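Worksheet for the structure shown next.
The values are calculated or read from the model by the stated rules, or taken from the named source; none is laboratory data. Keep in mind that this is a model prediction, so the values were computed, not measured. FYI the Cβ positions are ideal-geometry reconstructions off the backbone, even for glycines, and counts take in every protein chain you see.
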Amino acid sequence: MTTARSQLICPEVTPYYHCVSRCVRRSFLCGKDGVTGKSYEHRRAWVEQRMLALTSVYCIRICSYAIMSNHYHLVAFIDKEAALSLSDLEVVERWCSEHQIPNIIQRWLANQISSKAESYTCSQLIKTWRHRLYSLSWFMRELNYDIAVQANKEDQCTGRFWEGRFKSQALLDEKALLSAMAYVDLNPIRAKMADSPEQSDHTSIQARLGSLERGETHTPSLANFMGHEHQDKHQGIPFRLMDYIELVDWVGRQIRDDKRGHINNRIPVILERLSLPQQECLTLCTELEKKPRAWVGSTIELQNAKAKLGRKRMLGLTIS
């Protein structure tokens, strides 16, 4: 039985989620079709550009992403606090930048509302839009819809382009978040599409490394690394960027068969701080999807999530 999305995504439990969308009907998202020889590589830019553009509308921050041949991954941070702090005008401006403006809202913007009934209608509309601005389901829906329309037009066909539902995993603690982000950024290396993180096209790790080369302190449209001193504040990613880059490089060397004899044995400091065993880290960073678990975290965090959701049982992937 399909689980309701409200039981899989709950910002009050955790703001971090690993999401995956896959194509159907043997569609190629942006790879090369081995049967016809036709290349769809240009679609990678479609997904990347649309995903990052939507972050300027939604209060959804992208922690990591990777665009593959027939699917894409992203780790998202739901910034509910930011959505709730927006003024009514800011909510309207954000929502209507991507959607048609109802006549009554046009009148509200022009200060032409003349009755309590109209004022109430506007208030309810804005309340609905505010909720949608921090809804991961709406974010994914709009992203997938736009890409499906473009792809179907290019393929000269109609019908589904994506699977009916995107897959999501709730990341309940720092270890789960770190593992999921590295898992996503290392997808092209695992799939033998790239030899190193900096060569992994259309990934967040490549974008962050590019920003560093340009001397930029932050990567536009991506969630910021806040450092571990902010670990109790949901303002971004609770690690240091350099620690994360070091971890991704280290794990990437472990999963490269031709590099086993040249691995740097120095363990990244971040693993020591999080008390995350070396082998467990490698397993999580390379096999996160092998076990179909919607909740990932320590035993304590899994118990807390179960209590908040009022559930008797919950299938989760436990991190010691």
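Could you identify the single residue in 95, 108, 129 that is surrounded by 13 or more Cβ atoms within 10 Å (Cβ to Cβ), under 21 Å from residue 220 (Cα atoms) and not assigned by TED's automatic domain parsing to the domain that holds residue 192?
95
Does residue 48 satisfy the criteria of being surrounded by fewer than 18 Cβ atoms within 10 Å (Cβ to Cβ), at pLDDT 80 or above, under 17 Å from residue 187 (Cα atoms) and out of contact with any Leu (no Cβ under 8 Å at 6 or more places or on another chain)?
no
Please specify each residue of segment 140-164 satisfying the condition of being in contact (Cβ under 8 Å) with a residue 60 or more places away in the chain and of a type in the set (Gly, Ala, Ser).
151, 159
Residues 138, 108, 95: which one is of a type in the set (Phe, Trp, Tyr) and over 24 Å from residue 16 (Cα atoms)?
Only one candidate passes the filter, namely 108.
Can you spot a residue in segment 222-238 that is over 21 Å from the mean Cα position of the chain (by Cα), at pLDDT 85 or above and assigned to a helix (DSSP H, G or I)?
no
To keep it simple, each residue is scored yes or no on (1) assigned by TED's automatic domain parsing to the domain that holds residue 47; (2) surrounded by 13 or more Cβ atoms within 10 Å (Cβ to Cβ); (3) over 30 Å from residue 41 (Cβ atoms).
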| site | (1), (2), (3) |
| --- | --- |
| 99 | no, no, yes |
| 102 | no, yes, yes |
| 112 | no, no, yes |
| 117 | no, no, yes |
| 124 | no, no, yes |
| 139 | yes, yes, no |
| 143 | yes, yes, no |
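Which of the residues belonging to segment 36-51 are in contact with a helix residue (DSSP H, G or I) (Cβ under 9 Å, 6 or more places away or on another chain) and closer than 23 Å to residue 96 by Cβ?
50, 51
How about segment 179-197: which of its residues are surrounded by 15 or more Cβ atoms within 10 Å (Cβ to Cβ) and either hydrophobic (A, V, I, L, M, F, W, C) or more than 27 Å from residue 277 (Cβ to Cβ) (or both)?
Passing the criteria: 180, 181, 182, 184, 186, 189, 193, 194.
Can we say residue 118 is under 24 Å from the mean Cα position of the chain (by Cα) and acidic (Asp, Glu)?
No, not satisfied.
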